[in-house]
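Remarks on the structure that follows.
Any read-out appearing in this document is the output of simple, stated calculations on the displayed coordinates, not a laboratory observation. Every value quoted in this text rests on a predicted model; they were computed, and no experiment measured them. Here the Cβ positions follow ideal geometry from the backbone for every residue, glycine too, while neighbour counts run over all protein chains shown.
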Amino acid sequence: MNKFIIKGGETLNGEVNISCAKNSVLPIIAATILCGEKCTIKNCPMLLDVFVIGDLLKSMGADIDIDFNTGDMKIDTSNIKNTEPDAELVRKMRGSFLIMGPMISRYGKFKISLPGGCNIGTRPIDLHLKGLKALGVDIKIGHGYVEGKASKLLGDRIYLDFPSVGATENIIMASVFAEGETIIENAAQEPEIDDLIDFLNEMGSDIKKIETGAIIIKGVKKLRGIKYRPIYDRIETGTFIIAAAITKSKIKINGIEEKSIKPMIAKFCEMGINMEINEKDLIIDGRNELRPVDIKTMPYPGFPTDMQAQIMSLLCCTKGTSVITETIFENRFMHVPELKRFGANIKIDGRSAVIMGVNEFLGCSVRATDLRAGAALILAGLVAEGETQISDIYHIDRGYVNIEKKLRKLGAKIERTKE
Ligand code: EPZ
């Protein structure tokens, strides 16, 4: 199994190019099932999760061709026959659930293995199923599978108890061909939802968002295959902003959507990080003294839970006391014991972590427990004195394209080795 070896203490300089968003690309790849034609996802991030959902579609009969030079992922879903995807593949990644909506829309049925637990929480799908039932889907759960069947899909008004990203995406994709109109209230507002809506509308859907945030989908007859470039990855952007701040460096980040990073920028400015934001790039100057802040993760446009671990690494090295409250997932503090191995001073109290800034981190051996926790450990290693070894880095490869190459290009001393 691979490891990252980091020699801490280097300042960073130069430019980094952000990849397209994992959490946009996954629902968009699932949505290609709806058109039954050829689609090309341009600039597709070459991530483990992207390969897993590609394998999932292939196991159902789709043709997938990835051009590693151009980053284009060509998908032809015209020959999908199998509506019961491989259970092993489904359990590999939570994003697999995003095929339920497209499958019920195109084939009127699906049978998919129930979610395995995942490190950061139980990850239920009750809100996904509530929405599908409202559209007329008959849901059966048993023997570790969830099965859906619908002879006809009828638009309905659906109120989400929680603005679940995945449930919003699945319900949108389940209603694109439904008769009449579907209204999703208390829908998730993440930028990746807007990207999916743009992708579906370019394919010929009729979806719009009103000022209350509700999403209205008018059923159409057919969708066509298109070429599409997803938005940049706001979480990768935030991760590199923290890399600059934690190493007290000045770098340029190419590939941003200002609106999608606003919630994070507000918090970084509160800490005293200097940023100059342009149309498609930003310059971050992390060389000045930073201030401690309190953070509460919330659904968009709140501070993103996917940035919680990374900013915790920064706050551990920021003089003063900070408090982070994680309101989205019930078990997203697994990076805390690992950060303590560097010398961090963190006390967990229920959903909150109280962080007292320390003067230095000492390099050590740590283990990535999940995707964003792994990113937090890299950030800690960049500033730790001496050598840091990070194992189980397959978690990190799920969501970051060649992160060690991008960091090395900025001057960090980080290598990927075979364990
Ligand atoms: C998406 O997960 C993202 N993944 C996650 O990113 C992200 O953390 C999360 O949204 C929140 O922003 C992808 O887009 C592939 P949710 P998702 O449904 O859709 C509860 C990363 O690091 N819930 O908004 O699974 C659930 O338990 C990953 O890139 C229900 O109770 O998130 C959780 O507490 C991690 N019932 C909360 O809602 C449901 O039916 C948020 O879940 C669905 C969710």
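Results, tabulated for the structure shown:
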| read-out | value |
| --- | --- |
| Dipole of the chain [Lys/Arg +1, Asp/Glu -1 at C-beta], most positive-end residue of PHE97, ASN201, GLY136 | PHE97 |
| Two-decimal ratio, segment 27-81, of alpha-carbon radius of gyration to 2.2 N^0.38 Å | 1.00 |
| Given charges at Cβ of Lys, Arg, Asp, Glu: segment 270-419 dipole, positive-most of PRO299, GLY381, SER391 | SER391 |
| Linear extension gain, LYS109 paired with ASP67, 0.36 nm per residue minus alpha-carbon span | 12.0 nm |
| Debye, to nearest 20: dipole size of segment 148-293, +1 on Lys, Arg Cβ, -1 on Asp, Glu Cβ | 320 |
| Relative contact order of segment 309-419, defined on C-alpha pairs under 8 angstrom at six or more residues apart (%) | 26 |
| Helix axis angle, 48-59 relative to the chain longest principal axis, alpha carbon, degrees | 20 |
| Hull-based mean projected area of segment 148-259, where the convex hull spans the alpha carbons, in square nanometres | 9.3 |
| Full-stretch length increase - LYS222, ASN288 - with 0.36 nm per residue and alpha-carbon distance subtracted | 18.3 nm |
| Along each principal axis, Cα extent of segment 22-158, largest first, Å | 43, 35, 27 |
| Rg(Cα) / (2.2 N^0.38 Å) computed for segment 210-288, rounded to two decimals | 1.49 |
| Approximate shape of the chain as ellipsoid semi-axes (Cα gyration tensor, √5λ), whole Å, largest first | 38, 21, 20 |
| Aspartates and glutamates with Cα under 15 Å of LYS418, excluding same-chain neighbours fewer than 8 positions away | ASP392, ASP397, GLU404 |
| Total charge dipole magnitude, the chain, about the Cα centre, Cβ charges on Lys, Arg, Asp, Glu only, Debye to nearest 20 | 360 |
| Per principal axis, descending, Cα span of segment 54-97 in whole Å | 31, 22, 13 |
| Using alpha-carbon coordinates, inclination of helix 22-31 to the longest axis of the chain, degrees | 10 |
| Protection proxy ranking, peptides 120-126, 199-205, average beta carbon neighbours within 10 Å, highest first | 199-205, 120-126 |
| Value of Rg/Rh across segment 83-146 [Cα atoms, Kirkwood radius] | 0.94 |
| Those aspartates and glutamates that a straight Cα-Cα span of less than 12 Å connects to LYS248, excepting residues fewer than 8 apart in one chain | GLU10, ASP285, GLU289 |
| Ascending count of other beta-carbon atoms within 10 Å, so fewest first, for MET307, MET356, MET1 | MET1, MET356, MET307 |
| 23 Å Cα cut-off, lysine pairs counted over segment 252-365 (separation 8 or more, or different chains) | 17 |
| Rh (Kirkwood; distinct C-alpha pairs) - segment 264-348, Å | 13.9 |
| Candidates ILE284, ILE241, ILE99, ranked by Gaussian network fluctuation over the chain, Cα under 10 Å, top entry | ILE284 |
| On Cα atoms only, tilt of 191-203 relative to the major axis of the chain in degrees | 40 |
| Length gained when the stretch PHE162-LYS262 is fully extended (0.36 nm per residue, less Cα-Cα span) | 33.8 nm |
| Stokes-Einstein diffusion coefficient of segment 166-209, Kirkwood radius over Cα pairs, 20 °C, 1.002 mPa s, in µm²/s | 201 |
| Restraint check, LYS58/LYS81; LYS81/LYS149; LYS149/LYS218, Cα-Cα greater than 19 Å | LYS149/LYS218 |
| Assigned charges on the beta-carbon of Lys, Arg, Asp, Glu; segment 247-402 dipole about Cα centre (debye) | 200 |
| Fewest-first ranking of HIS143, HIS335, HIS395, using other Cβ atoms within 10 Å as the exposure measure | HIS143, HIS395, HIS335 |
